[in-house]
Amino acid sequence: MTALFKPGAPMRVGTRASALAVAQTSAIAVQLGTHELVTITSEGDRSSAPLASMGGAGVFVSALRDALRAGEVDVIVHSFKDLPTGPADGIVLAAVPLRADARDALATRDGVTLAKLARGARVGTGSPRRRAQLLAARPDLEVVGIRGNVDTRLGRLYDADDDRRVDGLVLAAAGLQRLGRLGDASELLDLARWPTAPAQGALALEIRADAAPSLVERVGAVDHAPTHRAATAERGVLARLEAGCSAPIAAHATLAHGVLTLTATVFAPDGQSELTIAETGAADSDRAALELADLVALALLERGAAALAPLGSAR
């Protein structure tokens with residue numbers, strides 16, 4: 001049965017309740033036309049436990065998808081990197097808007113860059129990939145596990161408790177930008193030297209598989225094909241390697257003159273070694289993007305990626 005949606009009616013747009021999620025959803029919802037924002041609290045928002053122990057970034061997704069399936073909202077908006085790579089029953093990806101800055105940002109208490117942080121400085125991140133990159137660049141650093149919303153994490157730079165205070169943080173530049181806090185960044189880390197998570201900076205809009213054609217058309221209008229293709233290729237590597245949030249993997253794709261270039265890196269968790277593969281392919285369809293992802297992932301496995309990091313495809 002096709003889900004009912006009246007053309008011209010306010011679109012109910014579901015989002016996580018965090019400040020960042022509301023900010024990024026509000027920005028894209030304006031492009032969808034008349035709408036109503038519906039905030040939904042996920043398990044990931046309620047817990048401060050490490051993501052890996054909770055089952056990965058997908059803990060931010062399930063509550064939104066439940067609301068969509070129940071007909072409580074018409075479309076849901078995610079940070080694309082938070083989505084599990086497998087399909088979701090009754091739900092389809094309807095649009096991937098133009099990507100924001102895909103880089104990571106370093107925020108430090110004194111405004112210094114990564115290279116100039118004092119020896120033994122404490123740098124916070126909840127990402128195994130960022131941890132590996134920090135240790136590769138600066139083995140002397142103490143990398144501290146940290147979670148929470150952007151304000152909470154930035155607050156750790158100035159915490160009165162010595163055991164909680166950190167000297168630096170690594171966060172997504174897109175998140176800081178969407179919250180109007182990019183000025184808190186001491187350094188934007190270059191993608192060529194510091195690749196980031198698959199689909200970082202991109203949003204994903206999901207609708208029910210039986211959505212009305214008028215809704216499909218309205219949501220599809222905000223899709224940005226180059227971003228969609230690039231993010232599909234990046235996430236394809238993650239899916240092919242069967243790697244979750246506990247695996248330190250980076251991927252970034254660019255599209256130019258009809259050619260898609262995909263680069264992916266697998267890091268050893270301790271930052272002592274890494275393996276990078278780059279390939280080019282056609283950019284005319286999602287299928288072509290996934291074929292390129294397969295090519296890159298297989299090359300990584302053939303070169304020994306499974307010996308560096310926990311990859312499901314190595315089992």
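So here's what we get for this one:
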read-out: Overall Cα dimensions of the range 192-309, principal axis frame, Å, largest first; value: 51, 31, 23
read-out: Loop-resident sites, the range 74-113, for trypsin sites (Lys or Arg not before Pro), counting at most 13 other Cβ within 10 Å (DSSP); value: none
read-out: Under the Karplus curve 6.51 cos²θ - 1.76 cosθ + 1.60, θ = phi - 60°, whole-Hz ³J(HN,Hα) for the range 100-117, x wherever Gly or Pro sits; value: 7, 4, 8, 6, 8, 10, 9, 10, 10, 5, 9, x, 8, 7, 4, 5, 9, 4
read-out: Reciprocal mean inverse distance between Cα atoms of the range 50-150 - Kirkwood radius, Å; value: 16.5 Å
read-out: Relative contact order (%) - criterion: Cα under 8 Å, at least six apart; region: the chain; value: 21 percent
read-out: Cβ crowding within 10 Å averaged over residues, with 155-163, 215-223, 265-273 ranked highest first; value: 265-273, 215-223, 155-163
read-out: Alpha carbon convex hull of the range 71-214, volume per residue in cubic angstrom; value: 138 Å³
read-out: For residue 91, distant residues with modelled amide H under 5 Å away; value: 209
read-out: Amide H partners (placed H, <5 Å) of residue 187, local residues excluded; value: 106
read-out: Value of [θ]222 nm, deg cm²/dmol, for the chain, DSSP H segments ≥ 4, -39500 (n - 2.57) each, nearest 500; value: -8000 deg cm²/dmol
read-out: Nearest-20 debye value, the chain charge dipole, Cβ charges on Lys, Arg, Asp, Glu; value: 280 debye
read-out: Interatomic Cα distance distribution for the range 131-266, bins of 10 angstrom, percent; value: 9, 30, 34, 19, 6, 1
read-out: Ratio of the Cα radius of gyration of the chain to 2.2 N^0.38 Å, where N counts its residues; value: 0.99
read-out: Convex hull projection area averaged over all views, the range 104-189, Cα basis, nm²; value: 5.0 nm²
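Since every read-out is calculated from the coordinates, none of them should be taken as a lab result. The structure presented is a predicted model; accordingly, all values stated were derived computationally and were not measured. Cβ: placed from backbone, ideal geometry, glycine included. Neighbour counts: every protein chain shown.
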